[in-house]
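The values are calculated or read from the model by the stated rules, or taken from the named source; none is laboratory data. Computed from a predicted structure; not experimentally measured. Glycine also receives a Cβ, built like all others from the backbone with ideal geometry; neighbour counts cover every protein chain displayed.
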Amino acid sequence: MNRSIVGRHFELTEPIKEYIESALGSIEKYGLDIISATTLISSDEKHGKKGFSVEFIINLKDKNTVVISQKDKDVYAAIDLAIERVKKTLRRHADKIKSHKINSFRDLGEEAEAVGEFVGGITDDPEIVPMDLALHKPLDFDEAIAMLKEEKKRQFIVFNDTDGNLRVMYKRADGKFGLY
């Protein structure tokens, strides 16, 4: 992450620079790809009262930019308030990215269609049937395609890929197979 600290009508001292650097170090914990972080500190004087304005500009990948401005009488207080607002904004953005789910077929694209109707009815007391996993070996990619081609009722199958990750293969209405 590129970091820059700029002072406008304000002399930046080493303790203030170190304080901002440590504050910026705490925003990396959210796992976002932060391209750059710019801090602007300016001194304002209105009606004989001196104050400070701190502005954080955080550039994230995918053209997302977070801009937080804060004013206070004390420069350290303004930095603290601004960095807390930055953390809150980045935490919300990270949560939004992690919890993003596809809600409808429209979100899957124009070619996605439901394959068939659900044959059985949903009862109030569903029956859960345990399976012995020792009897089933993990499937690879080619075996999963062959099983989906053979079976008419099954719409999707879960299998392990070569990296050991669980994958889902499903039948599409156009006869092709989709893969998550």
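Listed by first and then second residue, the pairs with beta-carbon distance under 7 Å, at least 6 apart or on different chains, first residue in segment 53-76 and without any contact (Cβ under 8 Å) to a residue 40 or more places away in the chain and within 11 Å of residue 42 (Cα to Cα), second of a type in the set (Lys, Arg) and assigned to a strand (DSSP E or B), are 53/71. Among the residues examined, residue 94 qualifies as surrounded by 14 or more Cβ atoms within 10 Å (Cβ to Cβ), modelled with pLDDT of 75 or more and either within 30 Å of residue 178 (Cα to Cα) or touching a Gly at 6+ places or on another chain (Cβ under 6 Å) (or both). Within the set 28, 21, 55, 45, the sole residue that is surrounded by fewer than 12 Cβ atoms within 10 Å (Cβ to Cβ) and not small (Gly, Ala, Ser) turns out to be 45.
One residue stands out among those in segment 4-54 that are small (Gly, Ala, Ser) and part of a strand (DSSP E or B): the one that is farthest from residue 64 (Cα to Cα), which is 51. For residues in segment 49-72 being modelled with pLDDT of 90 or more and of a type in the set (D, E, K, R), which is nearest to residue 8 (Cα to Cα)? Checked segment 49-72; the qualifying residue nearest to residue 8 (Cα to Cα) is 55.
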